[in-house]
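The values are calculated or read from the model by the stated rules, or taken from the named source; none is laboratory data. Note that the structure is a prediction, hence the values are computed from the model and not measured. Ideal geometry is used to build each Cβ from the backbone, glycine not excepted, and the neighbour counts take in all protein chains shown. Accessible surface is based on the protein model in full, side chains and every heavy atom, while ligands, DNA and RNA are left aside. Shrake-Rupley method; radii C 1.70, N 1.55, O 1.52, S 1.80 Å.
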Amino acid sequence: MDAKNVAAMVDHTLLKPESTPEDVASLIADAKELGVFSVCVSPSMLPLKEDLGELKTAVVCGFPSGAHHSEIKAAEAARAVADGADEVDMVINLSLAKSGDFAGVEADIRAVREAIPSALLKVIIESAALTDEEIVSACQAAKNAGADFVKTSTGFHPAGGASVHAVQLMAQTVGEDLGVKASGGIRDGKFAAELIEAGATRLGLSGTKKVLDTL
């Protein structure tokens, strides 16, 4: 599990609300140097002015609460793709999930999926805020709605970020049909390696260099 191979799995992320266009330019420069897969930014930062080379562009949607109307999430995602996003990381409606309304969760995801048929869709389930049964149901809803990935966390929820247990459960639920992105609280290579062993196929990192240097 060398640094080059792990870097190729990384969405190099900058989602602090106070981030400036200059910060994004620095993120992109770092991403190129590190050899990561993509940069992940807030939608208002698009379209990006910098030459990305082979880097993909990911953007968040319904972030960070997920408590937006589905049509708003769909419009936000469509605007992001029109502005150059290759991938969209949307947050589920946690209220629906905690209420056991997974048909509603699926409908929410499907609204975004239908708005961006050509882009890759990752679904953030905020796993630390869910029970095991809710994690499974949320992953099944994402799969049924046509998502490409399930993702652990926004990194903003007080319940916490990624865990090995959640990644294992998510990977078991979606099988080989969907990717699994681990994100939130990944600050060193040891933890990143454990998450990959558990089934993560993509990592969301803000401190990418430190993670790669400590593998």
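Applying the selection to the stretch 3-24, what residues are farther than 25 Å from residue 190 by Cβ, part of a loop (DSSP other than H, G, I, E, B) and open to solvent by less than 60 Å² (accessible area, probe 1.4 Å)? Listed by number, the residues that qualify are 19, 20. Taking the criterion of being within 24 Å of residue 111 (Cα to Cα) and part of a loop (DSSP other than H, G, I, E, B), the residues of the stretch 139-170 that qualify are 145, 146, 147, 148, 152, 153, 154, 155, 156, 157.
Conditions tested, residue by residue: (1) closer than 30 Å to residue 187 by Cα; (2) open to solvent by less than 60 Å² (accessible area, probe 1.4 Å); (3) modelled with pLDDT of 95 or more.
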{"residue": "99", "(1), (2), (3)": "no, no, yes"}
{"residue": "104", "(1), (2), (3)": "no, yes, yes"}
{"residue": "113", "(1), (2), (3)": "no, yes, yes"}
{"residue": "119", "(1), (2), (3)": "yes, yes, yes"}
{"residue": "122", "(1), (2), (3)": "yes, yes, yes"}
{"residue": "139", "(1), (2), (3)": "yes, yes, yes"}
{"residue": "143", "(1), (2), (3)": "yes, no, yes"}
{"residue": "149", "(1), (2), (3)": "yes, yes, yes"}
{"residue": "172", "(1), (2), (3)": "yes, no, yes"}
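Reported count of residues in the stretch 41-83, each being open to solvent by less than 40 Å² (accessible area, probe 1.4 Å) and not in a helix (DSSP H, G or I), is 14. State yes or no: is residue 27 open to solvent by less than 60 Å² (accessible area, probe 1.4 Å) and either of a type in the set (Phe, Trp, Tyr) or farther than 19 Å from residue 127 by Cβ (or both)? It is true that residue 27 is open to solvent by less than 60 Å² (accessible area, probe 1.4 Å) and either of a type in the set (Phe, Trp, Tyr) or farther than 19 Å from residue 127 by Cβ (or both).
Taking residues in the stretch 9-34 that are farther than 19 Å from residue 60 by Cβ, and partners anywhere that are small (Gly, Ala, Ser) and open to solvent by less than 20 Å² (accessible area, probe 1.4 Å), the pairs with Cβ atoms closer than 8 Å and at least 6 places apart or on different chains are 34/7.
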